[in-house]
Amino acid sequence: MTIPESRVRVDLGSRGYDAVVGAGLLDSLGERVTRSAGSGPGSRVLVAADDGLPTQTVSRATRALEAASLKPILHRVRALETEKTFGTLEQLLAAMAGHALDRREPVVALGGGIVGDLAGFAAAIYRRGVPVVQCPTTLLAMVDASIGGKTGVNLLVQRAGTPELQKNMAGAFHQPRLVVADVEALRSLPDRVFRAGLAECLKHGMIAADFGDPGLFDWTESALARILARDAATLAELVTRNVRVKAAVVGRDEREEADEGGRALLNLGHTFGHAIETLPDLSPDGNPASAPLQHGEAVALGLVAAAACAAAAGRCPPELVQRVKEGIHRAGQPTAVRGLPPTDGLIRRMMHDKKVLAGQLRLVLPAALGRAAVVADAPREAVAAGIDAIRA
Ligand code: GLY
């Protein structure tokens with residue numbers, strides 16, 4: 001069955017671009033890069049590729065670039081949070097400078113969110129900015145990280161003599177020229193990585209009512225069997241609907257400046273999630289061999305914590321907590337985790353979140369299924385109730 005290609009506009013005026021979703025799109029990557037980045041014949045293209053990608057995916061992309069008379073230069077990136085550093089960024093920049101790439105020669109980011117963030121940041125600062133085309137190959141990167149131009153690296157910060165990885169603490173907004181989401185790339189994803197992307201889809205479902213898709217959470221839940229079987233048409237619908245929601249949010253508040261109703265809503269589950277994601281010993285199934293948590297798993301737990309916090313603060317009906325838990329559980333994501341440190345320590349970690357303003361924790365809390373709000377004054381007891389809700 002042929003899957004029709006869908007196109008979602010990320011409407012940002014002169015920085016606007018299309019996100020194209022379909023099956024088999026990598027085979028026409030060359031023409032797409034040529035058209036969107038304005039690369040002429042013979043132009044070099046730095047392809048930053050996740051070193052865990054199947055060789056076949058990488059060669060499909062490079063062959064397609066060659067077929068359009070472009071010259072791909074392959075640079076492999078180890079897609080680990082601990083490698084999303086200035087050191088790795090410098091290697092990428094040095095590769096670009098080593099080949100003397102000019103300001104019109106683009107970067108293609110081929111991989112998940114880590115590769116997209118690193119390659120996007122390199123494109124943002126190499127010669128003060130070159131075009132980037134995002135080619136996400138994980139569900140998480142297709143529905144979230146590749147859309148909206150956030151790029152960056154993590155910082156390893158010493159706090160009271162202990163090193164702590166702080167995520168995405170340095171970066172830049174650099175919108176891509178195009179996003180190419182080929183759902184065929186999802187077929188070879190390890191199950192755990194694939195499922196972790198569903199947490200961001202459920203998160204979108206929890207805010208989508210004000211962004212044109214009030215039924216997204218329900219639809220995602222009802223389509224889970226086909227999604228988990230990786231049915232191409234269902235995946236294309238899943239990615240397209242999520243990209244539409246993300247594009248609508250970004251179109252309203254590109255740089256996360258709005259106090260209400262803007263991009264900050266995408267942080268639903270993330271303040272709780274980031275506080276636990278970087279704890280190296282937590283595992284989604286209690287098995288130490290599965291530690292640490294993946295980003296999506298931490299977000300899944302963060303969504304449960306946010307719902308429980310909202311219910312404890314009287315901001316959403318208690319039934320919503322159960323509803324969210326069920327959706328997350330059915331998507332194969334954890335709803336509770338063993339070995340969480342004491343609540344005080346976790347609240348302290350949450351205070352290091354980028355979203356803290358003037359020493360005040362700003363949480364995104366659900367109000368109903370499909371609606372959430374930024375809350376600056378959640379009582380400490382409600383935050384603690386959120387954390388306790390995810391203790392196994
Ligand atoms: N992933 C959150 C954002 O793009 O704003």
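The values are calculated or read from the model by the stated rules, or taken from the named source; none is laboratory data. These figures come from a predicted structure and were not determined experimentally. FYI the Cβ positions are ideal-geometry reconstructions off the backbone, even for glycines, and counts take in every protein chain you see.
Looking at Val153, Val180, Val157, which one is surrounded by fewer than 24 Cβ atoms within 10 Å (Cβ to Cβ), at pLDDT 95 or above and part of a strand (DSSP E or B)?
Val153
Restricting to segment 237-256, and then to whatever is touching a helix residue (DSSP H, G or I) at 6+ places or on another chain (Cβ under 7 Å) and more than 14 Å from the ligand (Cβ to nearest atom), can you tell me which residue is farthest from Leu140 (Cα to Cα)? Spell out the reasoning first.
Here is the first cut: in segment 237-256, the ones touching a helix residue (DSSP H, G or I) at 6+ places or on another chain (Cβ under 7 Å) are 238-239, 241-243, 245-246, 248-250, 253, 256.
Now restrict to residues that are more than 14 Å from the ligand (Cβ to nearest atom): 238-239, 241.
Working: Leu238: 11, Val239: 9, Arg241: 13 Å.
So the residue we want is Arg241.
Within segment 68-82, which residues are crowded, with 18+ Cβ neighbours inside 10 Å and assigned to a loop (DSSP other than H, G, I, E, B)?
Within segment 68-82, Ala68, Leu70, Ala79 qualify.
Only one of these is in contact with a Phe, Trp or Tyr (Cβ under 6 Å, 6 or more places away or on another chain) and touching a residue at least 24 places away in the same chain (Cβ under 8 Å): Val10, Val45. Name it. It would help to see each step written out before you state the result.
Values: Val45 fails: in contact with a Phe, Trp or Tyr (Cβ under 6 Å, 6 or more places away or on another chain).
One residue alone meets the criteria, Val10.
Among the residues of segment 312-344, which ones are out of contact with any helix residue (DSSP H, G or I) (no Cβ under 9 Å at 6 or more places or on another chain) and under 17 Å from Arg380 (Cβ atoms)?
The one that is out of contact with any helix residue (DSSP H, G or I) (no Cβ under 9 Å at 6 or more places or on another chain) and under 17 Å from Arg380 (Cβ atoms): Pro342.
Looking only at segment 196-226, filter to residues that are surrounded by fewer than 23 Cβ atoms within 10 Å (Cβ to Cβ) and of a type in the set (A, V, I, L, M); which one of those is nearest to the ligand (Cβ to nearest atom)?
Going through the qualifying residues, I end up with Ala209.
I'd like the full set of residues that are surrounded by 18 or more Cβ atoms within 10 Å (Cβ to Cβ), assigned to a helix (DSSP H, G or I) and modelled with pLDDT of 95 or more, limited to segment 347-392.
Of everything in segment 347-392, those that are surrounded by 18 or more Cβ atoms within 10 Å (Cβ to Cβ), assigned to a helix (DSSP H, G or I) and modelled with pLDDT of 95 or more turn out to be Ala382, Val383, Ala385, Gly386, Ile387, Ala389.
Conditions: (1) more than 30 Å from Asn287 (Cα to Cα); (2) more than 16 Å from the ligand (Cβ to nearest atom); (3) at pLDDT below 95. Ser188 meets all but one. Number of the miss?
It fails just one condition, (1).
Given the residues Gly273, Gly296, Gly302, Gly269, which is the only one that is in contact with an Asp or Glu (Cβ under 8 Å, 6 or more places away or on another chain), within 16 Å of the ligand (Cβ to nearest atom) and in contact (Cβ under 8 Å) with a residue 12 or more places away in the chain?
Matching residue, one of Gly273, Gly296, Gly302, Gly269: Gly296.
Name the one entry in Leu92, Leu26, Leu46, Leu65 that is in contact with a helix residue (DSSP H, G or I) (Cβ under 6 Å, 6 or more places away or on another chain) and part of a strand (DSSP E or B). Full working, then the answer.
Values: Leu92 fails: part of a strand (DSSP E or B); Leu26 fails: part of a strand (DSSP E or B); Leu65 fails: part of a strand (DSSP E or B).
The conditions single out Leu46.
Restricting to segment 89-142, count the residues that are among the hydrophobic types (A, V, I, L, M, F, W, C) and within 15 Å of Ala172 (Cβ to Cβ). Walk me through it before giving the result.
Let us first name the residues in segment 89-142 that are among the hydrophobic types (A, V, I, L, M, F, W, C), namely 89, 92-97, 100-101, 107-110, 114-115, 118-119, 121-125, 130, 132-133, 135, 139-142.
From what's left, within 15 Å of Ala172 (Cβ to Cβ): 89, 92-93, 107, 109, 118-119, 121-125, 130, 132.
So the count comes out to 14.
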